[in-house]
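The values are calculated or read from the model by the stated rules, or taken from the named source; none is laboratory data. All values reported here derive from a predicted model rather than from experimental measurement. Here Cβ is always computed from backbone atoms with ideal geometry, including for glycine, and neighbour counts include all displayed protein chains. What goes into the accessible areas is simple: the full protein's heavy atoms, side chains included, and nothing from ligands, DNA or RNA. Shrake-Rupley method; radii C 1.70, N 1.55, O 1.52, S 1.80 Å.
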Amino acid sequence: RYRPSYIHAFDDARAIGRGGKDDYLSKPEFRVCSVLLCFYAAVVDCFFSVDVRILPGEWRAAYVLFRDGTLDGNGLAALVHPSDGVGTDEAADKIFKEMDSDGRGMATMAEWCKYFRKAEEDARTPVGLLFTGSRKEGRHHAAPPGLHRSTALPPGPGRSSPKGTGSVCGMASRALALFRKHFAPYGEKTPRGKSLRKAAWHRLCPDDGGAVRLAELERWVSLELERKHPGGVGRRIWCRLRPCCMHAFESARAVDGNGDTLSTREFRLCVRYLCIYSGMVDSHCSVAGDNRNGGGNGTDDGHCVSLKEWEAAFPHFRNGTGGYNFAAFADLADNSTAGDIFRKMDAGAQGSIALFEWCHYLVAAEIGRGTEDGADLSLGGPVTKN
């Protein structure tokens, strides 16, 4: 993933040092190269978070996510406070035009890196001054963008979790966005989705046994996250959202009634359920204050939502302002309706809402209101406690 970063860092370090007239680095140039390597790693990471080559429509979609913090800008000057007061599409198109230097309608890796380098130079950041030669190499270098944040999930809008994977009360976490971005394509009814599922099924069931157990599904999900997001990031996403695997598996395996295993036909629905239940698990975590940054065990393990916590969180669920959009909360208006919903969710009348009670209520509402998620959920089994 990061290989292009050392090529750009090497070439720029040579150019800064002795004009790039040789094919090796001197000792002073190596120090420059080390700084630039961290910078370009952050730039390359941003590039691949959009695509392997970027078209105008892809950039518009990604630009919104960079602005609101869903995608990590790694502190790069090109993505800090971008075009305030300008319409989102207008600002995105302006930036894309500048990036697409050859006018071919796509931004390549080289064009992307060139644009980000110029942004650092224009902003006169420590790295930018190094590029322009205005800062002498080796003296009091501030950390380049991305150096201290390369293995952390940065807080999104309104979030302040030091681990980066959590969220404030009632706000969707960045972990959820990354989880869904990776797994959603597997559940699509498209040729690409079918191809992804076929490859995933082979990894899940290499001996072609034809069925998958919960432990195998969990192992696949956790390995996918750690492969996609190395450096401990994937592990933290997994720890936070692990319970969604159990709920997705239990619901999907009921379609064909294959006992305690999952069939190939059920696998597509299971992946859809992973994306649906991950939102339910994430929202429960955000209200209950359970960020699962390392201790989640994949079960409904006692983290419950109290009435006080729900009263503090429900404004964020109203009209989806917290990043969630559950049919169950469509009628949320004030403390009175919030209290009524709490009592309905608290099926055991314990004064708190366990994860399975939370999921049961949300699933019933999606099915009852005939939403797109509800249509898929209606095909599976009920929410189970464990």
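Data for the structure
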| read-out | value |
| --- | --- |
| Search result, residues across segment 225-278 that are among the basic types (Lys, Arg) and in a helix (DSSP H, G or I) | ARG227, LYS228, ARG235, ARG236, ARG240, ARG253, ARG265, ARG268, ARG272 |
| Top-ranked residue of segment 229-253 - restricted to ones that are under 24 Å from GLY289 (Cα atoms) and charged (D, E, K, R), ranked as most open to solvent (accessible area, probe 1.4 Å) | ARG235 |
| Residues being part of a helix (DSSP H, G or I) and within 24 Å of LEU274 (Cα to Cα) - total across segment 324-371 | 18 |
| Near pairs, Cβ below 8 angstrom, 6+ apart or cross-chain, from segment 35-54 (under 20 Å from LYS181 (Cβ atoms)) to any residue that is in a strand (DSSP E or B) | PHE47/ILE54; ARG53/ALA107; ILE54/ALA107 |
| Any pair with Cβ under 7 angstrom, 6 or more apart, that starts in segment 300-322 at a residue that is under 13 Å from ALA172 (Cα atoms) and in a loop (DSSP other than H, G, I, E, B) and ends at one that is among the small types (Gly, Ala, Ser) and at pLDDT below 75 | GLY322/GLY170 |
| Condition broken by GLY103, with the remaining ones in (1) of a type outside the set (Val, Ile, Thr); (2) open to solvent by less than 70 Å² (accessible area, probe 1.4 Å); (3) modelled with pLDDT under 85 satisfied | (3) |
| Cross-chain or 6+ apart pairs with Cβ under 6 Å, segment 175-192 first and in contact (Cβ under 8 Å) with a residue 60 or more places away in the chain, then open to solvent by 10 Å² or more (accessible area, probe 1.4 Å) | ALA177/THR70; ARG180/CYS275; PHE183/CYS275; ALA184/CYS275; TYR186/LEU196; TYR186/ARG197; GLY187/ARG268; GLY187/ARG272 |
| Answer residue from segment 112-130, given it is surrounded by 20 or more Cβ atoms within 10 Å (Cβ to Cβ) and not small (Gly, Ala, Ser) and is farthest from CYS33 (Cα to Cα) among those | TRP112 |
| GLY298 vs. criteria closer than 20 Å to LEU214 by Cβ, surrounded by fewer than 21 Cβ atoms within 10 Å (Cβ to Cβ) and at pLDDT below 90 | yes |
| Residue in segment 345-353 that is closer than 21 Å to ASN258 by Cβ and either in contact (Cβ under 8 Å) with a residue 40 or more places away in the chain or crowded, with 20+ Cβ neighbours inside 10 Å (or both) present | no |
| Criterion violated by SER263 - all others in (1) modelled with pLDDT under 85; (2) open to solvent by 10 Å² or more (accessible area, probe 1.4 Å) satisfied | (1) |
| Hey, GLU226 open to solvent by 10 Å² or more (accessible area, probe 1.4 Å) and under 19 Å from MET280 (Cβ atoms) or not | no |
